[in-house]
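> Before I ask anything, here is the structure I am working with.
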Amino acid sequence: MALLEAEQLVSVFPTQGEPVRAVDGVDLHIDEGETVCLVGESGCGKSAFALSAMGLMPSGRDAHPNGRLHFDGEDVLKWDEQRWCAIRGRDIGMIFQEPMTSLNPVIRVGTQLMEPLLIHGLANRTDARRQAIEALARVGIPQPDRMLERYPHELSGGMRQRVMIAIATICRPRLLIADEPTTALDVTVEAQILELLADLKQQHGMAMLFITHDLGVVAELADRVYVMYAGQIVESGTLAQVFDQPGHPYTQGLLRSMPRRHQRGRRLYTIPGTVPPPHQRPSGCRFAPRCPYADAACEQPVTLRDLAAGHTVRCVHPDRARSQQDE
């Protein structure tokens, strides 16, 4: 049974005009101990899906998720805030996208680290302090006992990211959601953070949803990959299926955009155009305005189709796209 499972999930942001469907009919599942990567450009709905999985989407008359979203077999769309508070941090941890702003600047690191343990009743204050020191040591922070007394603004970006990881994993959650945890970090620190996450996953046996736009990172971590565009999943499969036999032109464009050594001195490929705003999405294939293979058939709504066992694509012409990729 899947640990996290979404079927036709729709998540909405209320606006002064029409509500914005940031997540529009997404199917996704994560099994116990599995690393799933969710990739796509900014504005595709990746973070909105993560917020939905944490029960953190805006509430209100026009902001209600539809479809199906289950965690460990329970329908989370029926949970109230009290139930969510019992789950967040304990069973589902999250590394938020911006370590510079995710930590409270006026509260010491130690207090923020100990808070999940105290809120969930997993330790008394003395034991929570001991576990906080161990958590900081586990993420490679020197002199962790002194770090407890510092404020976030006294730390570098890499150190703040490590603190965020320590907070997200201190209760040893069953599922860790990492929303672009290496954004704005230099390549050395990025490599350290990725190695750290892989080690923590192996130690605790937790599942992980890793959200990124960097396919180089995906190649190092993923068991399975979901490619998201304009609120929808356009391709999914194992790492080998998506990287070696991409069936969607958008996936192909992302792969072509990866820097490679043999391209030194050549202009890096970019996908033409931009992701359409939610209120200007095409009625048919949402990638069609940017797609080199689009034709009249792409003006109709496109559903996911199977290319192979476990490999799906939302494209009218996957065979044409794949033949062009092989040339």
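> Check LEU3: other-chain or 5+ apart residues with amide H under 5 Å from its amide H, H built from backbone geometry?
The list, which skips near neighbours in sequence, is ILE30, ASP31, GLU32.
> At a Förster distance of 25 Å, what's the computed FRET efficiency of TYR269 paired with ASP319, Cβ-Cβ distance as r, to 0.05?
Details: r = 22 Å, r/R0 = 0.89.
The formula returns an efficiency of 0.65 here.
> Measure off 7 Å from each Cα along the Cα-to-Cβ vector at ASP214 and GLU7, then give the distance between these two points in nanometres to one decimal.
Between ASP214 and GLU7, the simple spin-label model gives 3.6 nm.
> Hey, quick one: spin label on ARG305, modelled 7 Å out along Cα-Cβ, who in the stretch 276-290 has an amide N within reach, i.e. under 13 Å?
none
> Enumerate the amide H contacts of VAL234 below 5 Å, restricted to partners 5 or more residues apart or on another chain; note that Pro and chain-start residues carry no placed amide H.
VAL227, MET228, TYR229
> Can I ask one more? Hey, with R₀ at 41 Å, roughly what FRET efficiency would ARG261 and ALA137 work out to, going by the Cβ-Cβ distance, to 0.05?
Approximately 0.65, to the nearest 0.05.
> May I pose another question? Can you tell me how much longer the chain between ALA191 and THR126 gets when fully stretched, taken as 0.36 nm per residue apart minus their C-alpha distance, in nm with one decimal? Working shown, then result.
Working: separation 65, 0.36 × 65 = 23.40 nm, distance 3.35 nm.
Result: 20.0 nm gained on full extension.
> Then there is this: How big is D for the stretch 248-327, in µm² s⁻¹ as a whole number, if Stokes-Einstein is applied with the Kirkwood radius of its Cα pairs at 4 °C and 1.567 mPa s? Intermediate results must be reported in sequence, preceding the final value.
On the way: Rh = 14.1 Å.
The diffusion coefficient I find is 92 µm²/s.
> A follow-up question, please. Taking θ as phi - 60°, what are the ³J(HN,Hα) couplings along the stretch 307-313 by the Karplus curve (6.51, -1.76, 1.60), each to the nearest whole Hz, with x for Gly and Pro?
3J(HN,Hα) across the stretch 307-313, in whole Hz: 9, 7, 4, x, 10, 10, 8.
> Using a Förster distance of 25 Å, how high is the FRET efficiency between SER156 and GLN202, based on the Cβ-Cβ distance and rounded to 0.05?
Working: r = 26 Å, r/R0 = 1.05.
Between SER156 and GLN202 the formula returns 0.45.
> List the cysteines in the chain whose Cβ has no other cysteine Cβ under 4.7 Å from it.
Unpaired cysteines in the chain: CYS37, CYS44, CYS85, CYS171, CYS291, CYS315.
Rule-based calculations on the coordinates, nothing more; no lab input. Keep in mind that this is a model prediction, so the values were computed, not measured. No Cβ is skipped: glycine too gets one built from the backbone with ideal geometry, and neighbour counts run over all protein chains shown.
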